[in-house]
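Here's the structure, in structure tokens; my notes come after.
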Amino acid sequence: MSNILKDLLMSRIKSFACIMTVALAMLGFSCGREAEEQPRQINIVSTLRDTGRLEVAQMSIGKVGMVSDPSFRKSEGFMAKAGALLDKIKVGDRIAVYSYDTYLHASIDLTDLSEEDVSVDEENKTVELRLPPVDVAYDGRDITLREEHYRVNGLRSQISSQERAALKEQMNTEVKRELASDKELTERLRNIGERRAKIFFASLLSDMGYEAHISFK
């Protein structure tokens, strides 16, 4: 191969290498820019989903019940009525008052959040966030009864553990029935949960550099 041909070939190789270098640099810049400009929407959705179920409010409801001798009128059966009459003639008092708390909690399941629920405006640094609805659920009760008043004297028998257990079950049944019929109570807790959720997520997004506009599905 002549020297002229070699020089021409080397020149073309160098030009091609130069073009490839520039192309790779431009590709790298383009990928980097695309990564930089990747919508924060995905990051925000991922961050919120990772929170899982978030408790936003809790409410306790006190219930009071009393153990005393059954009245003759409310007693059923011969033995129960006889026992009620016998209690009437015994000397002394027999009464006990107990209470316990039942709990409700309001929460949001953020795993239900989708990318359609988050809209990011990078120019104005705002986020439109549509949260899943606030769920209100029964969250159990105190394990033990609190003794508020106890007066057993004279010849009267002490309040038995069986009587306390029966009272607790009766109180629990009444609480559940009251909660099922009182929609205003659960709605009040839901409203409290929504207000607290708005404050929480507005603060969270503010830390990320955005002003939040929050609503619920």
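Restricting L189, L179 to residues that are under 18 Å from G62 (Cα atoms), part of a helix (DSSP H, G or I), aliphatic (A, V, I, L, M) and in contact with a Ser or Thr (Cβ under 9 Å, 6 or more places away or on another chain) narrows the list to L179.
The set of residues in region 205-217 that are part of a helix (DSSP H, G or I) and either touching a residue at least 60 places away in the same chain (Cβ under 8 Å) or under 12 Å from A57 (Cα atoms) (or both) contains only L205. When you look at E194, is it out of contact with any Pro (no Cβ under 7 Å at 6 or more places or on another chain), surrounded by 11 or more Cβ atoms within 10 Å (Cβ to Cβ) and either not hydrophobic (A, V, I, L, M, F, W, C) or not in a helix (DSSP H, G or I) (or both), yes or no? Yes, satisfied.
All of the numbers you see were taken from the coordinates with simple rules; none came from a lab. None of the values given here were measured: they were computed from a predicted structure. For neighbour counting, all protein chains shown are included, and Cβ atoms are generated from backbone atoms with ideal geometry for every residue, glycine included.
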